[in-house]
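Report on the structure given below.
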């Protein structure tokens, strides 16, 4: 029987996370909790470290400071064996799909099953078809990944990510670069997968409309910190200046249109003076 | 002045860092070798890809090198009335030196660059990352089988190179220049020593196989995930492993034959 304490606890807890790449600070004292069984979207401008956040949660990167717990386990402190055991319960959908190019669609979905289970071939075959049917690509099982469109590749990657029935799935920019029909298919798949499998979904995205429509919780990050967080409707109602600019896509506001620097007038005059020299 | 000293220091530190990373990479790969015994099929696929697919270039090159050796050897030997010694000259040159060295250089160009490009592209398209997130260790699943395949294929390719070279020498020496067929092979048999010549060639090709495949796989793993990065890594594989083969050949030859 499920432990109610575990059921109510957040799936992912991030506390005082600091992470830098070279001299650039990506996260500066970032904290957030991601509830179990819901769809949570982390939104922020390009370059705000959304993908880096997923890699930190997946244990591919280690925080400089602060801690990240997934399912009660502190990711950075796990031994390789326990980290891999945790990853078996975690699916990740990469922006590009990241399908293995030397394997067919069928073998891509079968890959985690072949690596981690000893299922008889007929059971494995049935399971893979089940996963492919769920994303609508059962008939595409013999295709080569190179021949798939971006949207199809992402759907195959989703089938692969759910092959081991994970309880957490991480989506890296799932809506980027898709036509409206494919976008609709991916949106409905994410929602349906979340409901039917009862898993926790974490998306990073900057596609406001889709993310707001699909999410139970939204976390806005900028400059390495959480700017605002809450259910989408609440967030829209009480949006700060920055959040309003981001959510409504206004070109100028707290985030200026112009890259910060000397004033236009000074620059023009300064240029004139140098030419006289 | 200070700038150039600083630049020299920076270059040295960078080179040492890369060497350190390559060494850690090698240790991790060697620690994952159990996969080769548990799932030999993974290695076998790679033996086909790096070994069997290199056969054509190895066979053609071996044939021509053997034929040229026979021509050159004959021109010199016939002046001393020793044209019958041609078989020995061709076989010794091939087994001791040209077999292992030319095979390693061709292998670096054909299979090494392909390995680097493949792994670099897998890194760029996040396939290695995806594998890690599926709890599959790329050192076991990807790097170790490729490394062992290269390491196994090289001595076999070098042996084929030398054998085809001997046949090339026979075609020119016996077929074209009129050396006696029996003398060609009997000379070869009498001057070629198993331990000193054949085994030393095999040891060389094992060492070259180890180094070339290590460099190729590491360069792929270490490539910058951009198209320019892959192109640079592929070039590095060919340049660095060719230089390593030539340098190591000098050292190994010194060690094997220098004392005698």
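The values are calculated or read from the model by the stated rules, or taken from the named source; none is laboratory data. A quick note: this is a predicted structure, and the numbers were derived from the prediction, not measured. Neighbour counts are summed over all protein chains in view; Cβ atoms, including those assigned to glycine, are modelled from backbone coordinates with ideal geometry.
Scan the range B:154-182 residue by residue and report those that are under 23 Å from the mean Cα position of the chain (by Cα) and buried (at least 21 other Cβ atoms within 10 Å of the Cβ).
B:154, B:155, B:157, B:158, B:161, B:162, B:164, B:165, B:166, B:168, B:169
Which one of B:63, B:16 is surrounded by 12 or more Cβ atoms within 10 Å (Cβ to Cβ) and under 25 Å from the mean Cα position of the chain (by Cα)?
The match here is B:63.
Only one residue in B:251, B:215 is over 19 Å from residue B:156 (Cα atoms) and surrounded by 19 or more Cβ atoms within 10 Å (Cβ to Cβ). Which one?
Numbers: B:251 fails: surrounded by 19 or more Cβ atoms within 10 Å (Cβ to Cβ).
Going through B:251, B:215 in turn, just one is over 19 Å from residue B:156 (Cα atoms) and surrounded by 19 or more Cβ atoms within 10 Å (Cβ to Cβ): B:215.
Going by what's in this entry, would residue A:160 be described as part of a helix (DSSP H, G or I), modelled with pLDDT of 85 or more and buried (at least 22 other Cβ atoms within 10 Å of the Cβ)?
So residue A:160 passes the test.
Say whether the condition of being at pLDDT below 95 and under 30 Å from residue A:96 (Cβ atoms) is met by at least one residue in the range B:87-96.
Within the range B:87-96, none of the residues are at pLDDT below 95 and under 30 Å from residue A:96 (Cβ atoms).
Just for the range A:69-82: of the residues that are in contact (Cβ under 8 Å) with a residue 12 or more places away in the chain and either surrounded by fewer than 22 Cβ atoms within 10 Å (Cβ to Cβ) or over 19 Å from the mean Cα position of the chain (by Cα) (or both), which one is farthest from residue B:138 (Cα to Cα)?
A:72
Quick check on the range A:69-89. Is at least one of its residues over 22 Å from residue A:176 (Cα atoms), more than 14 Å from chain B (Cβ to nearest Cβ) and part of a loop (DSSP other than H, G, I, E, B)?
yes
Out of all the residues in the range B:103-114, is one or more surrounded by fewer than 22 Cβ atoms within 10 Å (Cβ to Cβ), more than 26 Å from the chain's Cα centre (by Cα) and touching a residue at least 40 places away in the same chain (Cβ under 8 Å)?
no
When residues of the range A:40-51 are filtered for being modelled with pLDDT of 90 or more and within 14 Å of chain B (Cβ to nearest Cβ), how many remain?
The total comes to 0.
Take the conditions away from every other protein chain (no Cβ under 14 Å) and without any contact (Cβ under 8 Å) to a residue 60 or more places away in the chain and apply them to residue A:141. Does it pass?
Taking the combined requirement at face value, the residue satisfies it.
Enumerate the helices (runs of 4 or more DSSP H) found wholly within the range A:168-277, keeping only those where 3 or more residues are loosely packed, with under 11 Cβ neighbours inside 10 Å.
Here the list reads A:180-197, A:264-276.
Considering only the range A:90-107, state which residues are in a helix (DSSP H, G or I) and either at the interface with chain B (Cβ under 10 Å from one of its Cβ atoms) or surrounded by fewer than 24 Cβ atoms within 10 Å (Cβ to Cβ) (or both).
Looking only at the range A:90-107, we keep the residues that are in a helix (DSSP H, G or I), and these are A:105-107.
Listed by number, the residues that qualify are A:106, A:107.
Can you name the helices (runs of 4 or more DSSP H) wholly within the range B:83-150 that have at least 1 residues being within 14 Å of chain A (Cβ to nearest Cβ)?
Result: B:113-124, B:127-133.
Just to check your reading of the model, which residue among B:151, B:185, B:210 is surrounded by fewer than 24 Cβ atoms within 10 Å (Cβ to Cβ), at pLDDT 95 or above and in contact with a helix residue (DSSP H, G or I) (Cβ under 7 Å, 6 or more places away or on another chain)?
Step by step, each of B:151, B:185, B:210 is checked, and only B:210 is surrounded by fewer than 24 Cβ atoms within 10 Å (Cβ to Cβ), at pLDDT 95 or above and in contact with a helix residue (DSSP H, G or I) (Cβ under 7 Å, 6 or more places away or on another chain).
Quick check on this structure: which one of A:113, A:56 is away from chain B (no Cβ under 12 Å), in contact (Cβ under 8 Å) with a residue 24 or more places away in the chain and part of a helix (DSSP H, G or I)?
A:56
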